[in-house]
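Comments concern the structure below.
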Amino acid sequence: MQNDAGQPVDLYIPRKCSWTSRLLAATDKGAVQINVGMVDPETGRYTKTFHTFALSGYIRHKAEGDMAMTELVRQADTQAGLR
């Protein structure tokens, strides 16, 4: 639902897993949301921007969280044109 200004006004907006695109239920206690900061390749300093990734408890339970995060960050890095 949106208000007249076009902003979402729902009380609960479900998240989706960045790797599997599954909806993350409110009761999924194994799910995490991680912000990965972007770094300037020339100076090595934080640019005050970040990408947000959410991983479901299913992925973490299957021990694929590390591989999923690595690949998601690699994809975000190439989409940003940093490499």
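The values are calculated or read from the model by the stated rules, or taken from the named source; none is laboratory data. Note that this is a predicted model, so its numbers are computed, not measured. Backbone-built Cβ (ideal geometry, glycine too); neighbour counts: all protein chains shown. The protein model used for the area step is the full one, side chains on, heavy atoms only, and it has no ligands, DNA or RNA in it. Shrake-Rupley method; radii C 1.70, N 1.55, O 1.52, S 1.80 Å.
Annotations for the structure displayed:
- Charging the Cβ of each Asp and Glu at -1 and of each Lys and Arg at +1, and nothing else, the dipole of the chain about its Cα centre rounds to 200 debye.
- Our summary gives the stretch 1-58 a relative contact order of 32 percent, counting only alpha carbon pairs under 8 angstrom and 6 or more residues apart.
- Counting only protein heavy atoms and a 1.4 Å probe, the chain has 78 square angstrom of accessible area per residue.
- With every protein chain in place, the chain: carbon and sulfur % of accessible area (1.4 Å): 51 percent
- Long-range HN-HN contacts of R22 with modeled amide H, under 5 Å: C17
- Euclidean distance of C-alpha centroids, the stretch 48-83 and the stretch 1-40, integer Å: 14 Å
- Under the combined filter of DSSP loop state and at most 16 neighbouring Cβ atoms within 10 Å, the stretch 27-77 retains these GluC sites (Glu not before Pro): E42, E64.
- In this rough spin-label picture, where each label sits 7 Å from Cα along the Cβ direction, the Y46-S21 distance is 3.2 nm.
- Net +/- balance of residues flanking A31 in space, Cβ distance below 10 Å, scoring K and R +1, D and E -1: +3
- A quarter of the convex hull surface defined by the alpha-carbon atoms of the chain gives 7.4 nm² as the mean projection.
- Annotation note: chymotrypsin sites (Phe, Trp or Tyr not before Pro) in the stretch 1-67 located in DSSP loop regions with a Cβ neighbour count of at most 13 within 10 Å are Y12.
- For F50, distant residues with modelled amide H under 5 Å away: M38
- Cross-link partners of K62 among lysines (Cα-Cα below 21 Å; sequence separation of 8 or more within a chain): K16, K29
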